[in-house]
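Peer 1: Would you mind keeping the following structure in view while I ask a few things?
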Amino acid sequence: SSQQALEQARATTEELEDLKAVVKGLEEENGELRRQARQLVRGPGPSLPNQRLLAEGQGLRERIQALAAEKANLEVSGGRHAAWPTPSASL
């Protein structure tokens, strides 16, 4: 019976080693999948044309804010009925 227990212990040890190898492989695969998921969530950065459009949009927002402030100043100074100022070349 002790011989039988020894053989069972050896078989269990081998099975445990096999399971450890499987776990290690799954952990590596999990890590790779997590890296891929992070890249998908982040996504690629904006492309060059998109970067140009984003910069243009920001410039236009700033110009609109400047014109709104200029209009408010004109209204406050009594120029409510004055003609609109001529657009600057930066538009």
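The values are calculated or read from the model by the stated rules, or taken from the named source; none is laboratory data. None of these values were measured; they are calculated from a predicted model. Quick reminder, even Gly has a Cβ in these numbers, built from the backbone with ideal geometry, and neighbours come from all protein chains shown. These accessible areas exclude ligands, DNA and RNA; they are computed on the full protein's heavy atoms, side chains included. Shrake-Rupley method; radii C 1.70, N 1.55, O 1.52, S 1.80 Å.
Peer 1: Roll a 1.4 Å probe over the protein heavy atoms and report the accessible area of Glu70 in Å², nearest 10.
Peer 2: Surface accessible to solvent at Glu70 totals approximately 80 Å².
Peer 1: Subtract the Cα-Cα distance of Ala69 and Leu33 from 0.36 nm times their separation in residues, and report this length gain in nm to one decimal.
Peer 2: Taking Ala69 through Leu33 to full extension adds about 7.8 nm, to one decimal.
Peer 1: Determine the gain in length on full extension of the stretch Asp18-Arg52; use 0.36 nm per residue of separation and subtract their C-alpha separation, reporting nm with one decimal.
Peer 2: 6.7 nm
Peer 1: Of all accessible surface on segment 1-43 at a 1.4 Å probe, what whole percent is carbon and sulfur?
Peer 2: 53
Peer 1: Right, next: What is the spin-label model distance, in nm, from Leu6 to Val41 if the labels are put 7 Å beyond Cα along the C-beta direction?
Peer 2: For Leu6 paired with Val41, the spin-label model returns 5.4 nm.
Peer 1: Using the Karplus curve 6.51 cos²θ - 1.76 cosθ + 1.60 with θ = phi - 60°, work out ³J(HN,Hα) for each residue of segment 62-72 in order, rounded to whole Hz, and write x for Gly and Pro.
Peer 2: Along segment 62-72, the couplings run 5, 5, 4, 4, 5, 5, 5, 5, 5, 4, 4 Hz.
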